[in-house]
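A.B. asks: A single structure is presented below for examination.
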Amino acid sequence: MQYAATKLGRSVVRERENTRLGKIDLPFAALTLLLLTVGVVMVLSASYARAYYSDATGHNAAYYFLRQLGFAAAGTVIMFALSRLPMGFYRRMSFPALAASLVLLALVPLIGVAEGDARRWIDLGFTTFQPSETAKAAIILYFSALICRRGASMGTLRGLLPFIGVLALVIVLLVLEPHFSAAVIIIAIGGAMLFLGGARLYWFIGVGAAAIAALGAVMLFFPYASGRISTWLDPFANPGGDGYQIVQSLYSIGSGGLFGLGLGRGRQTYMYLPEEHNDFIFAVCCEELGFAGACAILLGFAALIVRGYWLALHMRDRFSFLVTAGITTLLAIQVILNAAVVTNLVPCTGISLPFFSYGGTALLIQLAEMGIVLSASRGIPSWRL
Amino acid sequence: MAQKDGGRGRPGAPNSMMLRRTLFLLSVCGVAAFAVLAARLYYLQIVRHDELEARAIAQQVRETTVSAPRGTIYDRNGAVLAMSAGVDTVYLSPAEIAREGEDAGAIARGLADILGLEYEDVYEKTQNTGSWYEVVARRIEPELAAEVREFKEEGGWSGIKIEADTKRYYPNGSLAAHVIGFTGTDNTGLGGIEAKYDAYLSGSDGAILRSTTAEGTEMLFTSWEDYLDAVPGCDVELTIDAGIQYYIEKHLRQAVADYDIRNGAAAICMEVDTGAILAMASLGSFDLNDYQAVSEADRAVIDAAPESERAELLAAAQQRQWRNKAVSDTYEPGSTFKIITLAMALEEGLVSEDSDFYCSGSVTVPGRSTPVRCWKAGGHGSQDLTAAVQHSCNAAFVSIGRLIGEERFYDYAEAFGFFERTGDSSAQLTGTTGIDLGGESGSIWWSEDVFCNSENLSQLAAASFGQTFNITPIQLITAVSACVNGGELMRPYLVQSITSPTGESEQRGGTALRRVISEETSAKVRAILEQVVGDPDEGTGRNAAVAGYRIGGKTGTSTKTTQEIAGTKEYIVSFIGFAPADDPEIALLVLLDDPGDSGVYVSGGQMAAPVVGKMMADILPYLGYEPEYSETQLGVIDRTVPDVTGLDTAAARSKLAEAGFGCRVLGRGGTVTQQLPAAGSSIAAGSEALLYAGEAAPETAVVPSLAGLSYDAAMEALAAAGLFIASGNTAAADGAQIVSAQSLAPGTAAAAGSVVTVTLYDNDEELLGIY
């Protein structure tokens, strides 16, 4: 019991144990790679028509596929590499990661690439990169570390203040871009971390009520938002205008039927469906693979998410638990929101589908997050699973 | 150290609250949310599958229409009246022009030059870059299309498109325009048979269905095509005889010009035994190939009007020229209706050829404050039935109407098809013949309560001589045909057969509606009506007589009651004839609405009867009837001049004498080098031909005015000018007729030896009056 005197000593021992005895969780890794493989194939199926007819790709039908394949390969390497780093490293890196993300977010309005009215991207030369993606991971790591340090004070307002401060800062930076969907996800994941960390339930009830009130106010005072709501409620009212994207998505999904039109045989991908290999790739899955295929993909994601929580439940230290549950929740939020947008369950907004949507840096970051979970999974003795 | 973080008892491990909350997130984010998403997918992909897929396919499939060839319209002898031929429509695909970066200016310039369009208009179309289909020129001729094709290939312009289309051609222009009708820009029938039989003629369009990308190009791997064959339309064969139609329009047009007819004219020729319409004409007419164009007179009026009123005037003029007077206008038939009254009375045995009618000039009628006056002020005196009809005596017909009685008259009028009872005895009634043509108007008849009122017989009295009710020309000729064909009322019809593209033929028409009068009555009516035309002393219809043929008929001159009330007076003069009178094949109605000041007395007998005569003189030989001339007629008929050039003068003289002509030799040569009129000309028998033997014939002659001259005087006046006369066999042997119109206008220069055809009429106002 001599170790018990110091917190640090205990954790060092545990981290040593991690590297010494742990193996990564194979089911979690396998599900990730399976979804990644299906996702990359779907990028080809969804994008070949657009790539073929586009001057920007040099009429190369495999243009998006090959790039996505490259990022997937690199991402897989990164995932396994990160799975070998000890959790203590992530704990140490949590504050620098957050600081770096905040700097990048602050830079976006200054040097970001504009797309429409928004600046969300930083051009890295060979690819573009969304700092909001790293911010999500950084929030999880930093909140996890902070919760471990705070312990019992999570139940008090004072204890919550640093979290709220960080969240507020990130959200202000995102609203400046503006990038509301990322802000919503950051709030959700931040809230989930506090929920797991032990914040009082009535806080969530209060904040939830406030959020609904704020949302109502936004809808009332921002015509942009209220237009989105009316389009959501009746997309067919203006199928050629505001409702175009969601209507095309519904056409794609509805065309699928039970077993779909077959891989590569989708018709909506011929420039009818916008964002067909990005945010709306799930609609293409529905059209080509049908209800059966779409459910299989959802089942894969559900299995990965359940496995992620299952791993979290078996973590032996609080940091690993919080990081694993946080990353799993982030994954769940993205998948559920994306599928809900595509099927018009919620108003249309830009949320990508992890492992499926085309986008290099986002894929790299998602796989890196999986690598962190795999690293944490090494801390679980094999007999416990 | 106290372990607040309970649960598993290990320090630093997640506590039980954390684990509970994780389980909560697992069940929400890992299970419940996915169940909701799966349910949503089930709803969209299974429940709404058909609807959403149909909508998706509707936007993914582009349809190119292949228009079905429209059926041909033939006349009864197989002559083409309307046909479709392949033409091309040129359109632009501005979206492709924009995508391929083609020079819109050059395309617009080239097309405008070839097609004779305004550059700006074409250029404007190229700028509508959201569109895939902007028509530049519809239905252009093959030669122009070839030029466009060449221009397209030279420039390699993919934005110029040419598609096959069909165009309707009417080989005879305005012939039978109102019957045939025309088609609009989308190839659907807009009038006449084209509209009425559109369902048969149009066939069904085919289509090429092709899946395309959102940009209109072909899909890469999933392209799909389907063809729906166009089904050609059926061919329609009309009862119209283009030959008869031509004669009728020729003479009707001449009459409109001769008598300054101001409100149009109509003529119908019906096969009396079947109800088949052999010809139907309404004037003013229009060219089916350019049906929007109005007559020069109308055009002048429109151009003179202020800009703002032109569109309205043009539309009104078009509506007027498209109106088929023969079936769409109602009128008060006047004395032609006396045929019907006569048939009723004979059928009921109320009158016979021996009945005596006394006309004092007027007759009193119960319910009328003033007596009905006969058109002849002094009265016709004592007359038998035939004479009463010959004189068209109103007083006699009022008496005949009284004999028939209002109820019987009403029943007969219905049986003849002038109206249909509805069960409401107080309602004004109407009726149609049911001819297979659009736009037929209904008649206007008194209600039973008004007509069958024994206290007030003024309606019966007026009806007996054809006034104050309104019927259509087609109704009158249908009823009169029943009177002379043996008593069967036929339904008039225009389409005698429809042939499908596969060659199956369906016969139509010849529907007998009911027997109205007996064979014997019909024979009596024919005999009496023949006397109206054939009796040169008493018949009011004598101007319709044609030498060598037996023709029956009845004149009609009607005022318009509505205008009489308004204080103006316009007339409709008409004549209905039938031939041969003993066993009629055809009935012929001519109606001239509102004659102007032509110098000819305004009456059916003086104006319409000669027109029917001239028509009959053409139609009866055309139908194969050989004329049988009396001795006296042989002296005045038209005969054909033989070829005598090259003969010596003596032989030529005897050859001409054999043919019924005299001759005068000019020059001293022994051989005829030139003759006037030319061989083959048809001129009045007894004319003196001019034979030139060595001397040269004059080149031209000035046409003298013949109006008001007798036939013999006119012949002499023409001979003096070196011209010849013909009457179309309408000259009467007694020579009592005078010229009312001539085919070559007075004062104009004509080739020497030309034949002037004159319109003759007997102008005995004392006898012919206005009825």
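A.B. asks: Using only Cα atoms, what is the ratio of the radius of gyration of segment B:631-768 to 2.2 N^0.38 Å?
C.D. replies: Computed over Cα atoms of segment B:631-768, the ratio equals 1.07.
A.B. asks: Decide, for segment A:204-259, between rounded, prolate and oblate: order the square roots of the alpha carbon gyration tensor eigenvalues as a ≥ b ≥ c, take rounded if a/c falls under 1.5, and otherwise choose prolate if a/b is larger than b/c, else oblate.
C.D. replies: oblate
A.B. asks: Right, another one. Give me B:LYS655, B:LYS161 sorted ascending by neighbouring Cβ count inside 10 Å, so fewest comes first.
C.D. replies: Going from sparsest to densest Cβ surroundings: B:LYS655, B:LYS161.
A.B. asks: Let me ask something additional. Would you work out if segment B:1-119 is rounded, prolate or oblate? Take a ≥ b ≥ c from the square roots of the eigenvalues of the alpha-carbon gyration tensor; rounded if a/c is under 1.5, else prolate when a/b is larger than b/c, oblate otherwise.
C.D. replies: Oblate is the answer for segment B:1-119, as a/c is 1.5 or above yet b/c matches or exceeds a/b.
A.B. asks: Let me ask you something else. I need to check one value: relative contact order of segment A:274-371, counting alpha carbon pairs closer than 8 Å and at least 6 residues apart, in percent.
C.D. replies: 33
A.B. asks: Would you mind ranking B:TYR410, B:TYR43, A:TYR251, B:TYR601 by Cβ crowding within 10 Å, fewest neighbours first?
C.D. replies: Lowest to highest Cβ neighbour count: B:TYR43, B:TYR601, B:TYR410, A:TYR251.
A.B. asks: I'd like the distance between the alpha-carbon centres of segment A:112-164 and segment A:40-97, rounded to an integer number of Å.
C.D. replies: 21
A.B. asks: Let me ask something else. Using a simple charge model, +1 on the beta-carbon of Lys and Arg, -1 on the beta-carbon of Asp and Glu, nothing else, what dipole does the protein assembly as shown show about its Cα centre, in debye to the nearest 20?
C.D. replies: Computed charge dipole of the protein assembly as shown: roughly 12400 debye.
A.B. asks: A further question follows. With only Lys, Arg, Asp and Glu charged, each at its Cβ (+1 for the first two, -1 for the last two), find how big the charge dipole of segment B:416-569 is about the Cα centre; round to the nearest 20 debye.
C.D. replies: 300
A.B. asks: Related question: Using +1 on the beta carbon of Lys and Arg, -1 on that of Asp and Glu, and nothing else charged, what's the dipole of segment B:631-768 about the Cα centre, debye to 20? Please list the in-between numbers first.
C.D. replies: Working: 5 positive and 15 negative charges, 133 e Å.
For segment B:631-768, the charge dipole is close to 640 debye.
A.B. asks: How large is the helix-only mean residue ellipticity at 222 nm for chain B, computed as the sum of -39500 (n - 2.57) over DSSP H runs with n ≥ 4, divided by its residue count, in deg cm²/dmol to the nearest 500? Numbers along the way, then the final one.
C.D. replies: On the way: 28 runs with 259 residues, N = 771.
Theoretical 222 nm ellipticity from helices: -9500 deg cm²/dmol.
A.B. asks: May I ask for the distance between the Cα centers of segment B:659-711 and segment B:576-596, given as a whole number of Å?
C.D. replies: Using only Cα atoms to place each centre, the spacing works out to 35 Å.
A.B. asks: Also, quick follow-up: By a straight-distance test (C-alpha under 14 Å), which aspartates and glutamates pair with B:LYS167 as possible cross-link partners, with residues fewer than eight away in the same chain excluded?
C.D. replies: Correct list for B:LYS167: B:ASP88, B:GLU141, B:ASP186, B:GLU194, B:ASP290.
A.B. asks: So what is the relative contact order of segment A:143-250, in percent, for Cα pairs below 8 Å that sit 6 or more residues apart? Don't skip to the answer; put the middle values down first.
C.D. replies: On the way: 56 pairs, mean separation 20.3, N = 108.
So the answer I get is 19 percent.
A.B. asks: Right, another one. Measure out, as a whole number of angstrom, how far apart the alpha-carbon centroids of segment B:31-74 and segment A:325-385 sit.
C.D. replies: 34
A.B. asks: Mind checking which of B:PRO492, B:TYR761, B:ALA112 is farthest towards the positive end of chain B's charge dipole, using Cβ charges of +1 (Lys, Arg) and -1 (Asp, Glu) about the Cα centre?
C.D. replies: The Cα lying farthest towards the positive end belongs to B:ALA112.
A.B. asks: Quick check: the angle from helix A:318-342's long axis to the longest principal axis of chain A, C-alpha only, nearest 10 degrees?
C.D. replies: Taking the Cα atoms of chain A, the angle to A:318-342 is about 10 degrees.
A.B. asks: Then there is this: For segment A:17-384, calculate the relative contact order in percent as a whole number, restricting contacts to Cα pairs under 8 Å that are 6 or more residues apart.
C.D. replies: The value is 29 percent.
A.B. asks: At 20 °C and a viscosity of 1.002 mPa s, what translational diffusion coefficient does Stokes-Einstein give for segment A:17-384, taking Rh as the Kirkwood radius over Cα pairs? Give it in µm²/s as a whole number.
C.D. replies: On the way: Rh = 21.4 Å.
It comes out at roughly 100 µm²/s.
A.B. asks: Among A:HIS179, B:HIS251, what is the fewest-to-most ranking by other Cβ atoms within 10 Å? Could the numbers behind the result be given before it?
C.D. replies: On the way: A:HIS179 23, B:HIS251 26.
Going from sparsest to densest Cβ surroundings: A:HIS179, B:HIS251.
A.B. asks: How big is D for segment B:334-541, in µm² s⁻¹ as a whole number, if Stokes-Einstein is applied with the Kirkwood radius of its Cα pairs at 20 °C and 1.002 mPa s?
C.D. replies: The Stokes-Einstein estimate is 118 µm²/s.
A.B. asks: So how compact is segment A:141-184: Cα radius of gyration and Dmax in angstrom?
C.D. replies: When restricted to Cα atoms, segment A:141-184 yields Rg and Dmax of 12.5, 36 Å.
A.B. asks: So if I restrict to the alpha-carbon atoms in the protein assembly as shown, what is the Rg, and what is Dmax, the biggest pairwise distance, in Å?
C.D. replies: Radius of gyration, then largest Cα-Cα span, for the protein assembly as shown: 49.6, 165 Å.
A.B. asks: Grab the other residues whose beta carbon is less than 14 angstrom from that of A:PHE355, score K and R as +1, D and E as -1, and report the net.
C.D. replies: Counting the neighbours of A:PHE355, the net charge comes to -3.
A.B. asks: Could you sort A:168-178, A:39-49 so that the peptide with the highest average Cβ count within 10 Å comes first and the rest follow in order?
C.D. replies: So the order, starting with the most tightly packed, is A:39-49, A:168-178.
A.B. asks: Now for a separate question. For the charge dipole of segment B:628-761, defined by +1 on Lys and Arg C-beta atoms and -1 on Asp and Glu C-beta atoms about the Cα centroid, which residue among B:LEU676, B:SER727, B:GLN742 has the Cα displaced farthest towards the positive pole?
C.D. replies: Towards the positive end, the residue furthest out is B:LEU676.
A.B. asks: Measure nothing fancy, just the Cα-based angle from helix B:242-258's long axis to the longest principal axis of chain B, in degrees from 0 to 90, nearest 10.
C.D. replies: So the inclination is approximately 70 degrees.
A.B. asks: Mind checking which of B:LEU460, B:LEU706, A:PHE221 is farthest towards the positive end of the protein assembly as shown's charge dipole, using Cβ charges of +1 (Lys, Arg) and -1 (Asp, Glu) about the Cα centre?
C.D. replies: Projecting each Cα onto the dipole axis, the largest value belongs to A:PHE221.
A.B. asks: Same structure, new question: Using only Cα atoms, figure out Rg for segment B:130-283 and give it as a multiple of 2.2 N^0.38 Å.
C.D. replies: The reported ratio for this selection is 1.53.
A.B. asks: For all pairs of alpha-carbon atoms in chain B, what percent lies in each bin of width 20 Å, listed from the first bin to the last filled one?
C.D. replies: 14, 35, 27, 15, 5, 3, 2, 0, 0
A.B. asks: Kindly express, to the nearest 10 degrees and within the range 0 to 90, the angle between helix A:180-197's C-alpha long axis and the longest C-alpha principal axis of chain A.
C.D. replies: Between helix and principal axis, roughly 30 degrees.
A.B. asks: Let me ask another. Looking only at A:THR32, A:THR127, A:THR269, which one moves most when chain A is put into a Gaussian network model with springs between Cα atoms under 10 Å?
C.D. replies: Fluctuation is largest for A:THR127.
FYI, it's all coordinate maths here, none of it is from the lab. All of these numbers come straight from a predicted model, not from anything done at the bench. FYI the Cβ positions are ideal-geometry reconstructions off the backbone, even for glycines, and counts take in every protein chain you see.
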